[in-house]
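Contents: one structure, followed by commentary.
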Amino acid sequence: MHYSETWLDTKPYKEVYDGRAHRKMNPQRTHALLQARILGRLATWADARGDGEAGIELRVYLDEETSLVPDVSWISDVRLKKLSPEERERPPFAPELRVADVFAPLDRLK
């Protein structure tokens, strides 16, 4: 399996790790609200520092067989500046700060 395959970026979205594709959970209301709150705080922190970018669900490529979509992440300008514009859209590394999965209370029941 190669991470650059286009089916990764079609719904339902998938992450690839442990040599297998795993379906990304479809966010519900509570998940979205928690994600927005975390992003708001991280973005405020990032803006005050002025040296990086915070975002939601940016797919990253860790190696040829591992592609993840953290719910919320932050990447430093130092690392971003080393990338071409195309690579910035598909970073080939894990963000410095990331919330891999936001679990809402009902997620535990599934």
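We did not get these values from a lab; they are worked out from the coordinates using the rules stated. All of these numbers come straight from a predicted model, not from anything done at the bench. Reconstructed Cβ throughout: ideal geometry from the backbone, glycine too, with neighbour counts over all protein chains shown.
Summary table below
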{"item": "In the stretch 1-63, the chymotrypsin sites (Phe, Trp or Tyr not before Pro) that fall in loop regions by DSSP, at most 15 other Cβ within 10 Å", "result": "13"}
{"item": "Linear extension gain, residue 97 paired with residue 30, 0.36 nm per residue minus alpha-carbon span", "result": "21.9 nm"}
{"item": "Net charge dipole size for the chain [Lys, Arg +1 and Asp, Glu -1 on Cβ; Debye, nearest 20]", "result": "480"}
{"item": "GNM top mover of 86, 64, 15 - the chain, alpha-carbon springs below 10 Å", "result": "86"}
{"item": "The chain, helix-only ellipticity at 222 nm - DSSP H runs n ≥ 4, -39,500 (n - 2.57), divided by all residues, nearest 500", "result": "-8000 deg cm²/dmol"}
{"item": "Sequence ranges 89-95, 53-59, ranked by mean other-Cβ count within 10 angstrom, highest first", "result": "53-59, 89-95"}
{"item": "Prolate/oblate/rounded call for the stretch 8-64, Cα gyration tensor, a/c under 1.5 rounded", "result": "oblate"}
{"item": "Where labels lie 7 Å past Cα in the beta-carbon direction, separation of residue 7 and residue 78 in nm", "result": "3.9"}
{"item": "Average projection area in nm² (convex hull over Cα atoms of the chain, one quarter of hull surface)", "result": "7.4"}
